[in-house]
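The values are calculated or read from the model by the stated rules, or taken from the named source; none is laboratory data. Source: prediction; values computed, not measured. Neighbour counts run over all protein chains shown; Cβ positions are idealised from the backbone, glycine included. The area values use the complete protein model at the heavy-atom level, side chains included, leaving out ligands, DNA and RNA. Shrake-Rupley method; radii C 1.70, N 1.55, O 1.52, S 1.80 Å.
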Amino acid sequence: MSKRSIAELASMGGSPVFSDALHVGQLHLPEWDDFERAFEQIFERRYFTNHGPLVREFDRKFAEHVGTKHAISVTNGTIALMVACKALKLRGEVIVPALTFPATAQALVWAGLVPVFCDVDPTTHNLTADLVEPLITQDTTAILGVHLWGRACDPDGLQELSRTHGLKLFYDACHGIGCTYKGRMVGQFGALAVFSFHATKALSAAEGGCLVTDDDDLADLIRTARNFHVSESFADVAVRINGKMTECQAAMALLSLERFPAIAEQNRLLYERYRERFGSIGGLSFVDHALGEESNYQYCVVEVESDELGFSRDKLVQVLRAENIMARRYFRPGLHRLEAIRKCYPQYVHQLPNTDRLTSRLVQLPLGASVNCRQVDQVCDLIEFCVQNAEAIDRNVAVDAAGD
Ligand SMILES: *Cc1c(COP(=O)(O)O)cnc(C)c1O
């Protein structure tokens, strides 16, 4: 039902447009029958973990999908990043963006490394070689780029920069499944790349992660590091962990990989619908994926220009959430402003103006399995209604939303 007056907004005490929440996370599930059959077979085999047949099959198929020689699955994306640091034998400082999921920097800290936060380009939301270069010191050991929203993080520039300075380059590709740069899958760039198969991602194993690389020696080190004891390889790594993917996770991942083209297409239809509608809403600009490249269309990212819109980004989010449109403010705050990080590294608070600007302006709108095209239209209708009643929204809506 559409709103006729602002008194009908759920944030004003009216009833919400949606009775069930619409989520930003993907939340795609396999068909129940396929899931049941896969799990029956696991029970029959009584082979639950330790590099079982499904994990091996998934690793083979995922390597083929990304176009790398090796894919090595692990428990989740965070463990994948931690294993990456040990396999790359990093020490000292790693240059990383602050506009990312907290796990990107937390994994560095777990690995005993010092995160050095770099600002991002205001248009691509990613690191560039020009932004990274001034931060390189004698203690720099690596650059960890993030392909934010699935857009490639300056692979040419960062490759060249890391080569010149003798640094390792690796990537957090957790948003980048199925995304390309100059026609190549983004997982092919850097010494290695890391993926997440969390339920909110476009390829889901409920929880899961993977490291991909073309380097045989590095693959050996990763296979050793992800396993605390028995392993398929015994390369020389300083410390190991139990990061094995289970057969149940691999069963989910295989079903999701099979359905991935359909998932990306379903996302694309929703994404295109949002894009059409945002062409006509002033104060809100649609952040497009890299043109001419493949994408998984996992995120609908909108940048809010509060002055033009007439009310703040946070008021918009407040109104939407009351209607069960669970818009998110990723990634707010920037990692440099997280309590735990700021305590150790206070110097970044005034050094990342583009990151601070973006964290105060970006909104993600629902997309994925909990949304259909008609609902996207309803979300856009509601936003247009807010724009038409901007002054009243600004006056009447109080912001209390916590979190992202
Ligand atoms: C999801 C995500 C991670 C962490 O992955 P998990 O599988 O949840 O541990 C890391 N980095 C980015 C950018 C992510 O989006």
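Which one is surrounded by the fewest Cβ atoms within 10 Å (Cβ to Cβ) among residues in the stretch 204-224 that are touching a Cys at 6+ places or on another chain (Cβ under 9 Å) and aliphatic (A, V, I, L, M)?
Ala206
For the stretch 45-63, the criterion of being closer than 30 Å to Asp119 by Cβ, open to solvent by 20 Å² or more (accessible area, probe 1.4 Å) and outside any loop (DSSP other than H, G, I, E, B) is met by no residue. Evaluate the stretch 163-177: report whether one residue or more is more than 11 Å from the ligand (Cβ to nearest atom), surrounded by fewer than 23 Cβ atoms within 10 Å (Cβ to Cβ), in contact (Cβ under 8 Å) with a residue 12 or more places away in the chain and in a loop (DSSP other than H, G, I, E, B). Yes; the residues of the stretch 163-177 include at least one that is more than 11 Å from the ligand (Cβ to nearest atom), surrounded by fewer than 23 Cβ atoms within 10 Å (Cβ to Cβ), in contact (Cβ under 8 Å) with a residue 12 or more places away in the chain and in a loop (DSSP other than H, G, I, E, B). Residue-level analysis places Ser233 among those that are touching a helix residue (DSSP H, G or I) at 6+ places or on another chain (Cβ under 9 Å), closer than 30 Å to Arg91 by Cα and not in a helix (DSSP H, G or I). Take the residues of the stretch 225-244 that are more than 30 Å from Ala262 (Cα to Cα) and within 16 Å of the ligand (Cβ to nearest atom): which is most open to solvent (accessible area, probe 1.4 Å)? Looking at residues that are more than 30 Å from Ala262 (Cα to Cα) and within 16 Å of the ligand (Cβ to nearest atom), I get Asn242.
So, of the residues in the stretch 1-17 that are out of contact with any Asp or Glu (no Cβ under 6 Å at 6 or more places or on another chain) and among the hydrophobic types (A, V, I, L, M, F, W, C), which turns out to be surrounded by the fewest Cβ atoms within 10 Å (Cβ to Cβ)?
Only one residue tops the list, namely Met1.
Looking only at residues of the stretch 342-371 that are assigned to a loop (DSSP other than H, G, I, E, B) and under 29 Å from Glu323 (Cβ atoms), we find that the one that is most open to solvent (accessible area, probe 1.4 Å) is Ser360. When the stretch 71-97 is filtered for residues that are within 14 Å of the ligand (Cβ to nearest atom), open to solvent by 20 Å² or more (accessible area, probe 1.4 Å) and either not hydrophobic (A, V, I, L, M, F, W, C) or not in a helix (DSSP H, G or I) (or both), the ones remaining, listed by number, are Thr75, Asn76, Thr78. Flag: Thr100 does not match the condition of being open to solvent by 20 Å² or more (accessible area, probe 1.4 Å) and touching a residue at least 24 places away in the same chain (Cβ under 8 Å). Residue count for the stretch 276-330 under the criterion of being within 23 Å of Gly178 (Cα to Cα) and hydrophobic (A, V, I, L, M, F, W, C): the result is 7.
A residue that is more than 25 Å from the chain's Cα centre (by Cα) and either of a type in the set (A, V, I, L, M, F, W, C) or within 16 Å of the ligand (Cβ to nearest atom) (or both) occurs somewhere in the stretch 21-32. Residues that are more than 16 Å from the ligand (Cβ to nearest atom) and crowded, with 22+ Cβ neighbours inside 10 Å: does the stretch 123-136 have at least one? Checked the stretch 123-136: at least one residue is more than 16 Å from the ligand (Cβ to nearest atom) and crowded, with 22+ Cβ neighbours inside 10 Å. Applying the criterion of being closer than 25 Å to Asp34 by Cα and among the hydroxyl-bearing types (Ser, Thr, Tyr) to the residues of the stretch 246-285, the residue that is least open to solvent (accessible area, probe 1.4 Å) is Ser256.
Scoring Phe62 on the criteria (1) modelled with pLDDT of 95 or more; (2) more than 30 Å from Val239 (Cβ to Cβ) leaves a single failure, condition (2). Criterion applied to Leu54, Leu108 was being within 15 Å of the ligand (Cβ to nearest atom) and modelled with pLDDT of 95 or more, and the one residue passing it is Leu108.
The set of residues from the stretch 261-308 being in contact with a Leu (Cβ under 7 Å, 6 or more places away or on another chain), at pLDDT below 95 and not in a loop (DSSP other than H, G, I, E, B) comprises Phe278, Leu284.
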